[in-house]
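*Asks:* If you scroll down you'll find the structure; I have some questions about it.
The values are calculated or read from the model by the stated rules, or taken from the named source; none is laboratory data. Predicted model, so just to flag it, every value in this text is computed and none were measured. Heads up, the Cβs are rebuilt from the backbone with ideal geometry, glycines too, and the neighbour counts pull from every protein chain shown.
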Amino acid sequence: MLLADKVCIITGAASQRGIGRATARLFSQHGGRVVIVDLDDGQAKAAAADLGEGHLGFACDVTDKQSCLDAAERVVGELGRIDVLVNNAGITQPLKIMDIQPDNYDAVLDVNLRGTLYMSQAVIPQMREQHSGSIVCMSSVSAQRGGGIFGGPHYSAAKGGVLGLAKAMARELGPDTVRVNSITPGLIQTDITGGKLTDELKVEIAKGIPLGRLGVADDVANACLFLASDLSSYITGAVIDVNGGMLIH
(Lines give C-alpha, C1' and ligand atoms only; values in the text may rest on other atoms or scores of the structure.)
Protein backbone atom coordinates (compact mmCIF):
# COMPACT_ATOMS: atom_id res chain seq x y z
CA MET A 1 0.00 0.00 0.00
CA LEU A 2 2.14 2.84 -1.29
CA LEU A 3 -0.44 5.52 -0.50
CA ALA A 4 -2.01 4.18 2.69
CA ASP A 5 -4.28 6.88 4.20
CA LYS A 6 -2.90 9.60 1.93
CA VAL A 7 -5.45 12.12 0.64
CA CYS A 8 -4.96 12.58 -3.11
CA ILE A 9 -6.66 15.20 -5.29
CA ILE A 10 -6.75 14.50 -9.02
CA THR A 11 -8.09 17.16 -11.37
CA GLY A 12 -9.93 16.34 -14.58
CA ALA A 13 -10.37 12.71 -13.55
CA ALA A 14 -13.99 12.00 -14.46
CA SER A 15 -13.41 10.86 -18.06
CA GLN A 16 -13.83 7.09 -18.27
CA ARG A 17 -10.75 6.44 -20.46
CA GLY A 18 -8.60 9.31 -19.26
CA ILE A 19 -5.26 9.44 -17.49
CA GLY A 20 -6.86 10.99 -14.43
CA ARG A 21 -9.39 8.18 -14.02
CA ALA A 22 -6.70 5.52 -14.40
CA THR A 23 -4.61 7.32 -11.80
CA ALA A 24 -7.57 7.51 -9.44
CA ARG A 25 -8.14 3.76 -9.72
CA LEU A 26 -4.48 2.97 -9.09
CA PHE A 27 -4.23 5.35 -6.14
CA SER A 28 -7.30 3.79 -4.51
CA GLN A 29 -5.83 0.32 -4.99
CA HIS A 30 -2.77 1.48 -3.07
CA GLY A 31 -4.76 2.77 -0.11
CA GLY A 32 -5.13 6.40 -1.13
CA ARG A 33 -8.27 8.39 -0.33
CA VAL A 34 -9.01 9.87 -3.73
CA VAL A 35 -10.71 13.17 -4.45
CA ILE A 36 -11.86 13.51 -8.06
CA VAL A 37 -12.56 17.05 -9.19
CA ASP A 38 -13.91 17.88 -12.63
CA LEU A 39 -16.16 20.43 -14.29
CA ASP A 40 -19.21 18.15 -14.15
CA ASP A 41 -20.30 17.53 -10.56
CA GLY A 42 -22.37 14.46 -11.42
CA GLN A 43 -19.60 12.80 -13.38
CA ALA A 44 -17.07 13.54 -10.64
CA LYS A 45 -19.34 12.00 -8.01
CA ALA A 46 -19.99 8.95 -10.17
CA ALA A 47 -16.27 8.45 -10.79
CA ALA A 48 -15.55 8.62 -7.06
CA ALA A 49 -18.39 6.21 -6.29
CA ASP A 50 -16.90 3.70 -8.75
CA LEU A 51 -13.79 3.59 -6.56
CA GLY A 52 -15.76 2.48 -3.52
CA GLU A 53 -16.39 4.04 -0.12
CA GLY A 54 -14.21 6.75 1.35
CA HIS A 55 -13.58 8.73 -1.84
CA LEU A 56 -14.92 12.12 -2.86
CA GLY A 57 -16.01 13.65 -6.15
CA PHE A 58 -17.28 17.15 -6.84
CA ALA A 59 -17.14 19.99 -9.32
CA CYS A 60 -14.20 22.36 -9.60
CA ASP A 61 -13.20 24.76 -12.36
CA VAL A 62 -9.40 24.88 -12.30
CA THR A 63 -9.42 28.13 -14.30
CA ASP A 64 -11.25 29.86 -11.45
CA LYS A 65 -9.03 30.53 -8.44
CA GLN A 66 -11.86 30.72 -5.93
CA SER A 67 -13.21 27.40 -7.15
CA CYS A 68 -9.80 25.83 -6.50
CA LEU A 69 -9.55 27.42 -3.05
CA ASP A 70 -13.04 26.18 -2.19
CA ALA A 71 -12.12 22.67 -3.34
CA ALA A 72 -9.00 22.54 -1.17
CA GLU A 73 -10.93 23.89 1.81
CA ARG A 74 -13.60 21.24 1.38
CA VAL A 75 -11.05 18.44 1.19
CA VAL A 76 -9.30 19.58 4.36
CA GLY A 77 -12.64 20.02 6.10
CA GLU A 78 -13.87 16.54 5.22
CA LEU A 79 -10.65 14.50 5.09
CA GLY A 80 -8.33 16.52 7.33
CA ARG A 81 -5.30 16.90 5.06
CA ILE A 82 -3.96 16.97 1.49
CA ASP A 83 -1.00 14.76 0.68
CA VAL A 84 -0.99 14.59 -3.12
CA LEU A 85 -2.18 16.78 -5.98
CA VAL A 86 -2.13 15.53 -9.56
CA ASN A 87 -2.64 18.47 -11.93
CA ASN A 88 -4.16 16.38 -14.68
CA ALA A 89 -6.90 18.64 -16.11
CA GLY A 90 -6.09 19.69 -19.65
CA ILE A 91 -7.43 20.33 -23.13
CA THR A 92 -5.89 20.36 -26.58
CA GLN A 93 -6.70 21.78 -30.01
CA PRO A 94 -5.17 20.54 -33.32
CA LEU A 95 -4.54 23.97 -34.87
CA LYS A 96 -1.73 25.33 -37.04
CA ILE A 97 0.12 28.44 -35.89
CA MET A 98 -1.75 30.91 -38.13
CA ASP A 99 -5.14 29.44 -37.20
CA ILE A 100 -4.79 30.11 -33.47
CA GLN A 101 -7.26 32.80 -32.45
CA PRO A 102 -7.27 34.71 -29.12
CA ASP A 103 -10.06 32.55 -27.71
CA ASN A 104 -8.17 29.36 -28.68
CA TYR A 105 -5.04 30.60 -26.95
CA ASP A 106 -6.93 31.68 -23.84
CA ALA A 107 -8.79 28.39 -23.51
CA VAL A 108 -5.74 26.15 -23.85
CA LEU A 109 -3.45 28.26 -21.68
CA ASP A 110 -6.14 28.74 -19.04
CA VAL A 111 -6.88 25.06 -18.44
CA ASN A 112 -3.40 23.61 -18.88
CA LEU A 113 -1.22 26.30 -17.31
CA ARG A 114 -3.37 28.65 -15.27
CA GLY A 115 -5.25 25.67 -13.87
CA THR A 116 -2.00 24.07 -12.73
CA LEU A 117 -1.00 27.29 -10.98
CA TYR A 118 -4.36 27.90 -9.28
CA MET A 119 -4.83 24.35 -8.02
CA SER A 120 -1.27 24.21 -6.75
CA GLN A 121 -1.73 27.53 -4.95
CA ALA A 122 -4.87 26.14 -3.35
CA VAL A 123 -3.16 23.10 -1.77
CA ILE A 124 0.26 24.56 -0.93
CA PRO A 125 -0.76 26.21 2.40
CA GLN A 126 -2.03 22.88 3.76
CA MET A 127 1.03 21.01 2.52
CA ARG A 128 3.29 23.62 4.10
CA GLU A 129 1.43 23.28 7.38
CA GLN A 130 1.90 19.49 7.23
CA HIS A 131 5.52 19.96 6.12
CA SER A 132 4.90 17.31 3.48
CA GLY A 133 3.26 16.83 0.11
CA SER A 134 3.72 15.83 -3.50
CA ILE A 135 2.47 17.78 -6.51
CA VAL A 136 2.50 16.05 -9.90
CA CYS A 137 2.12 18.25 -12.98
CA MET A 138 1.02 16.83 -16.32
CA SER A 139 3.02 18.23 -19.23
CA SER A 140 3.49 16.57 -22.63
CA VAL A 141 6.12 15.32 -25.04
CA SER A 142 4.89 18.11 -27.32
CA ALA A 143 6.52 20.61 -24.97
CA GLN A 144 9.88 18.92 -25.50
CA ARG A 145 9.81 18.14 -29.21
CA GLY A 146 8.03 21.29 -30.40
CA GLY A 147 4.57 20.00 -31.21
CA GLY A 148 2.69 16.77 -31.11
CA ILE A 149 0.29 14.93 -33.34
CA PHE A 150 -2.99 16.34 -32.02
CA GLY A 151 -1.90 19.49 -30.17
CA GLY A 152 -1.25 22.88 -31.74
CA PRO A 153 1.65 25.26 -30.95
CA HIS A 154 -0.37 26.92 -28.19
CA TYR A 155 -0.74 23.51 -26.53
CA SER A 156 3.03 23.02 -26.71
CA ALA A 157 3.49 26.48 -25.20
CA ALA A 158 1.10 25.72 -22.35
CA LYS A 159 2.73 22.39 -21.56
CA GLY A 160 6.18 23.96 -21.80
CA GLY A 161 4.98 26.51 -19.28
CA VAL A 162 3.90 23.68 -16.99
CA LEU A 163 7.47 22.34 -16.97
CA GLY A 164 8.89 25.73 -16.03
CA LEU A 165 6.25 26.36 -13.39
CA ALA A 166 6.78 22.95 -11.80
CA LYS A 167 10.54 23.39 -11.59
CA ALA A 168 10.17 26.84 -10.03
CA MET A 169 7.67 25.50 -7.49
CA ALA A 170 10.00 22.61 -6.67
CA ARG A 171 12.81 25.03 -5.89
CA GLU A 172 10.63 27.28 -3.75
CA LEU A 173 8.77 24.53 -1.88
CA GLY A 174 11.71 22.21 -1.24
CA PRO A 175 12.43 23.68 2.22
CA ASP A 176 8.83 22.86 3.18
CA THR A 177 9.36 19.20 2.16
CA VAL A 178 6.82 19.65 -0.61
CA ARG A 179 7.97 17.93 -3.80
CA VAL A 180 6.92 19.01 -7.30
CA ASN A 181 7.58 16.91 -10.40
CA SER A 182 6.31 16.66 -13.96
CA ILE A 183 5.31 13.86 -16.31
CA THR A 184 5.58 14.19 -20.09
CA PRO A 185 3.36 11.58 -21.73
CA GLY A 186 3.77 10.68 -25.37
CA LEU A 187 0.79 9.63 -27.46
CA ILE A 188 -1.59 7.99 -25.00
CA GLN A 189 -4.84 6.34 -26.07
CA THR A 190 -7.55 8.19 -24.16
CA ASP A 191 -10.98 9.67 -24.86
CA ILE A 192 -9.25 12.77 -26.24
CA THR A 193 -7.30 10.85 -28.89
CA GLY A 194 -9.64 7.88 -29.32
CA GLY A 195 -11.76 9.27 -32.12
CA LYS A 196 -8.77 10.49 -34.11
CA LEU A 197 -6.67 7.32 -34.10
CA THR A 198 -7.46 4.98 -36.99
CA ASP A 199 -5.91 1.52 -37.03
CA GLU A 200 -3.68 2.62 -39.90
CA LEU A 201 -2.49 5.68 -38.02
CA LYS A 202 -1.74 3.62 -34.90
CA VAL A 203 0.47 1.29 -36.94
CA GLU A 204 2.28 4.21 -38.58
CA ILE A 205 2.90 6.01 -35.27
CA ALA A 206 4.08 2.82 -33.55
CA LYS A 207 6.84 2.47 -36.17
CA GLY A 208 8.53 5.54 -34.68
CA ILE A 209 8.32 4.31 -31.08
CA PRO A 210 11.18 2.04 -29.93
CA LEU A 211 8.90 0.04 -27.63
CA GLY A 212 6.63 -0.57 -30.62
CA ARG A 213 3.28 0.49 -29.20
CA LEU A 214 1.17 3.47 -28.25
CA GLY A 215 0.77 4.25 -24.59
CA VAL A 216 -2.29 3.63 -22.44
CA ALA A 217 -3.56 5.60 -19.48
CA ASP A 218 -2.21 3.06 -16.98
CA ASP A 219 1.33 3.73 -18.22
CA VAL A 220 1.04 7.33 -17.05
CA ALA A 221 -0.84 6.40 -13.88
CA ASN A 222 2.09 4.20 -12.82
CA ALA A 223 4.44 7.18 -13.09
CA CYS A 224 2.00 9.27 -11.06
CA LEU A 225 1.97 6.61 -8.35
CA PHE A 226 5.76 6.64 -8.16
CA LEU A 227 5.91 10.42 -7.82
CA ALA A 228 3.04 10.54 -5.33
CA SER A 229 4.51 7.89 -3.05
CA ASP A 230 7.51 7.86 -0.75
CA LEU A 231 9.39 5.81 -3.34
CA SER A 232 10.33 9.20 -4.83
CA SER A 233 10.97 10.97 -1.54
CA TYR A 234 14.32 12.41 -2.76
CA ILE A 235 13.03 13.47 -6.17
CA THR A 236 11.81 16.99 -6.89
CA GLY A 237 11.97 19.24 -9.94
CA ALA A 238 12.24 16.17 -12.15
CA VAL A 239 10.60 15.36 -15.48
CA ILE A 240 9.62 11.75 -16.18
CA ASP A 241 9.11 10.82 -19.83
CA VAL A 242 6.37 8.27 -20.47
CA ASN A 243 6.56 7.93 -24.23
CA GLY A 244 7.94 4.49 -25.11
CA GLY A 245 11.08 6.12 -26.46
CA MET A 246 9.24 8.39 -28.92
CA LEU A 247 11.57 11.15 -27.75
CA ILE A 248 14.96 10.25 -26.31
CA HIS A 249 16.98 13.28 -25.29
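*Asks:* State the number of residues belonging to region 206-236 that are of a type in the set (K, R) and free of Cβ contacts under 8 Å to residues at least 12 places away in the same chain.
*Replies:* Final tally of qualifying residues: 1.
*Asks:* Let me ask something else. I need a count of the residues in region 217-249 that are surrounded by 14 or more Cβ atoms within 10 Å (Cβ to Cβ) and at pLDDT below 95.
*Replies:* Within region 217-249, residues that are surrounded by 14 or more Cβ atoms within 10 Å (Cβ to Cβ) and at pLDDT below 95 number 2.
*Asks:* So, one more: Please pick out the residue among A71, A107, A46 that is of a type outside the set (F, W, Y), at pLDDT 95 or above, in contact with a helix residue (DSSP H, G or I) (Cβ under 7 Å, 6 or more places away or on another chain) and assigned to a helix (DSSP H, G or I).
*Replies:* After ruling out the rest, the residue left standing is A71.
*Asks:* Without any contact (Cβ under 8 Å) to a residue 12 or more places away in the chain and β-branched (V, I, T): which single residue out of V203, V239, V180 fits that description?
*Replies:* None of the others qualify; the one that does is V203.
*Asks:* Right, here's the next one. Which of the residues belonging to region 157-173 are within 17 Å of the chain's Cα centre (by Cα), surrounded by fewer than 22 Cβ atoms within 10 Å (Cβ to Cβ) and not hydrophobic (A, V, I, L, M, F, W, C)?
*Replies:* G160, G161, G164, K167
*Asks:* Of all residues in region 39-79 being surrounded by fewer than 14 Cβ atoms within 10 Å (Cβ to Cβ) and of a type outside the set (D, E, K, R), which is farthest from the chain's Cα centre (by Cα)?
*Replies:* For region 39-79, the residue satisfying everything is G77.
Residue by residue, here is whether (1) of a type in the set (A, V, I, L, M, F, W, C); (2) in contact (Cβ under 8 Å) with a residue 60 or more places away in the chain holds:
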site: L3; (1), (2): yes, yes
site: Q29; (1), (2): no, no
site: L56; (1), (2): yes, no
site: T63; (1), (2): no, no
site: L79; (1), (2): yes, yes
site: D83; (1), (2): no, yes
site: G90; (1), (2): no, yes
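*Asks:* Can you tell me how many residues within region 68-83 are closer than 13 Å to G12 by Cβ and in contact with a strand residue (DSSP E or B) (Cβ under 8 Å, 6 or more places away or on another chain)?
*Replies:* 1
*Asks:* Here are A13, A22: which of them is in contact (Cβ under 8 Å) with a residue 40 or more places away in the chain and in a helix (DSSP H, G or I)?
*Replies:* A22
*Asks:* Quick one: is T116 at positive phi and among the hydroxyl-bearing types (S, T, Y)?
*Replies:* no
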